[in-house]
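The values are calculated or read from the model by the stated rules, or taken from the named source; none is laboratory data. No experiment lies behind these values; they were computed from the predicted model shown. Note: ideal-geometry Cβ built from the backbone for every residue, glycine included; neighbour counts use all protein chains shown.
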Amino acid sequence: MSPRRLEAGELELGGGLEVLLAAALEGMPAGARVEVITPSRSTALELPSWAHASGHQAVSERAVPGGPYAVELERGPFARVLADPLPEKRPGPRLRDGELHTADLRSPAEVPAQADPAAGFTPLGALAERGAPAFRWTLNERDALWADDVSELTEQASAGQWDASRDIPWEAARGLPEFLERAVSQVMTFIAQNEYGALYVPAGFLADVNPAYPEMLQWLSSHVHDEARHVEVFTKRSLIGGQPSYALASTELSLHTLLDERDFSGAALLLNVLGEGTFLDLLRFLEHYAPDAATRAAAALAHRDEVRHVHFGISHVRRHIATDPDQTAALIGAAERRAGKLTEMSGLSPLLTEGLTVMAAGSLQPAELARGAREVRELMQTMEDNRIKRLRAAGFDQRDAQHLSDLHTPNLM
């Protein structure tokens with residue numbers, strides 16, 4: 001069987017070619033081959049090393065007579081994700097007069113009677129990657145928690161604010177090209193994973209607050225409600241097109257360490273200022289490059305909520321430092337402890353950066369992918385610049401703000 005021909009155009013590795021290669025190889029069986037055509041000798045020389053590092057191999061290289069270079073790659077047997085292959089795409093959940101209800105994401109028969117006590121933050125419909133840290137939940141039986149109408153009660157609880165079923169134009173999310181829906185689904189699953197963490201942190205402090213401070217109880221409750229709605233809307237967006245995606249182990253590791261922080265102010269710094277602050281820039285990026293109105297609305301509405309959370313974090317940390325300047329070292333220590341647990345994380349998952357690149361590009365054309373890759377690099381720089389601004393607004397001097405920004409988890413949250 002002759003190899004599939006792939007025109008790289010002016011794309012280079014690190015500038016979008018790896019996204020094009022990943023898209024081509026992802027759907028191929030082990031042993032299948034693709035012939036990469038590139039005008040760049042340096043790219044042709046780099047491709048064998050890239051293939052080896054990615055679990056594939058280069059089987060031949062030649063110069064096309066009178067033309068560019070051709071490097072033939074063979075798909076390796078190893079998956080990029082430590083998980084079984086994603087199941088086949090299936091029809092997305094039904095809509096009720098244009099509304100997507102939580103109760104329609106799965107049937108009652110699909111709700112497990114017993115859950116794995118060690119399971120992590122795997123959004124509904126996602127396939128968990130192996131290698132994530134084990135959790136120790138204590139409420140693991142459906143009958144100890146469940147109500148038949150719990151999904152509809154969730155719908156009612158969110159009705160007072162923006163509603164993830166009714167305020168999103170879900171019909172607009174139908175019919176995207178498969179490559180684009182795959183990218184959107186993976187990015188949405190990544191966000192949903194992180195929103196689980198953003199929910200559990202304030203929820204973990206809620207029961208510890210003295211009732212003499214009802215304002216704090218109300219704030220934390222609203223925060224929890226917001227994040228529950230974010231998990232809902234981004235999970236729905238990941239499922240509406242029927243395209244499964246991965247819950248990444250690196251994200252699980254980052255969120256696991258976030259839950260370890262039991263000092264309220266330390267948690268406010270790590271979650272509200274650093275994590276949710278960074279997500280403000282991510283959500284703006286997604287709003288700008290959303291391929292459909294449903295994704296755009298979800299990003300914009302979630303951004304509106306996150307602005308409140310970030311404002312609280314900055315205000316709280318600034319007052320905390322102003323009241324007791326010695327707390328600056330303690331707050332920095334919280335970030336350093338978390339960073340010390342994440343030394344094995346070297347950067348964002350390629351699945352996320354590829355998804356963002358495809359969303360920014362809007363196609364798999366080489367020129368557009370190159371532009372998308374540039375936009376993602378600029379996003380990372382914007383995140384760093386704005387993190388430092390928020391840390392300065394929270395009361396840290398320039399040196400400490402830079403240090404804290406450098407320590408922030410590559411997972412973004």
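Some points to look at:
- If the condition is being over 20 Å from the mean Cα position of the chain (by Cα) and part of a loop (DSSP other than H, G, I, E, B), then the stretch 106-130 contributes Arg106, Ser107, Val111, Pro112, Ala113, Ala115, Asp116, Pro117, Ala118.
- Lone qualifier among Arg75, Arg94 - being surrounded by fewer than 11 Cβ atoms within 10 Å (Cβ to Cβ) and either of a type in the set (Gly, Ala, Ser) or modelled with pLDDT of 90 or more (or both): Arg94
- Of all residues in the stretch 165-181, those that are part of a helix (DSSP H, G or I) and crowded, with 19+ Cβ neighbours inside 10 Å total 4.
- When each of Ala370, Ala361, Ala393 is tested for being in contact with a helix residue (DSSP H, G or I) (Cβ under 9 Å, 6 or more places away or on another chain), closer than 21 Å to Ile314 by Cβ and surrounded by 17 or more Cβ atoms within 10 Å (Cβ to Cβ), the lone residue that passes is Ala393.
- Residue count for the stretch 107-145, restricted to those that are touching a helix residue (DSSP H, G or I) at 6+ places or on another chain (Cβ under 7 Å), at pLDDT below 85 and β-branched (Val, Ile, Thr): 0
- Inclusion of Arg33 among residues that are over 28 Å from the mean Cα position of the chain (by Cα), within 27 Å of Leu82 (Cα to Cα) and not assigned by TED's automatic domain parsing to the domain that holds Val376 is warranted.
- Scanning the stretch 319-343 for residues that are buried (at least 16 other Cβ atoms within 10 Å of the Cβ) and either touching a Gly at 6+ places or on another chain (Cβ under 7 Å) or β-branched (Val, Ile, Thr) (or both) returns Ile321, Thr328, Leu331, Ile332, Ala334.
- Some residue of the stretch 197-212 being surrounded by fewer than 24 Cβ atoms within 10 Å (Cβ to Cβ), among the charged types (D, E, K, R) and not in a helix (DSSP H, G or I): yes
- Spans of helices (runs of 4 or more DSSP H) in the stretch 255-364 with at least 1 residues within 17 Å of Gln186 (Cβ to Cβ) and more than 16 Å from the chain's Cα centre (by Cα): 293-323, 350-361
- Search result, residues across the stretch 1-46 that are touching a residue at least 12 places away in the same chain (Cβ under 8 Å), outside any loop (DSSP other than H, G, I, E, B) and of a type in the set (D, E, K, R): Arg4, Arg5, Glu7, Glu18, Arg33, Glu35, Arg41, Glu46
- Filter result (more than 29 Å from the chain's Cα centre (by Cα) and assigned to a helix (DSSP H, G or I)) within the stretch 47-82: Pro48
- The condition (being in the same structural domain as Pro244 (by TED's automatic domain parsing) and over 30 Å from Glu171 (Cα atoms)) is satisfied by just one residue among Ala329, Ala360, Ala373: Ala329.
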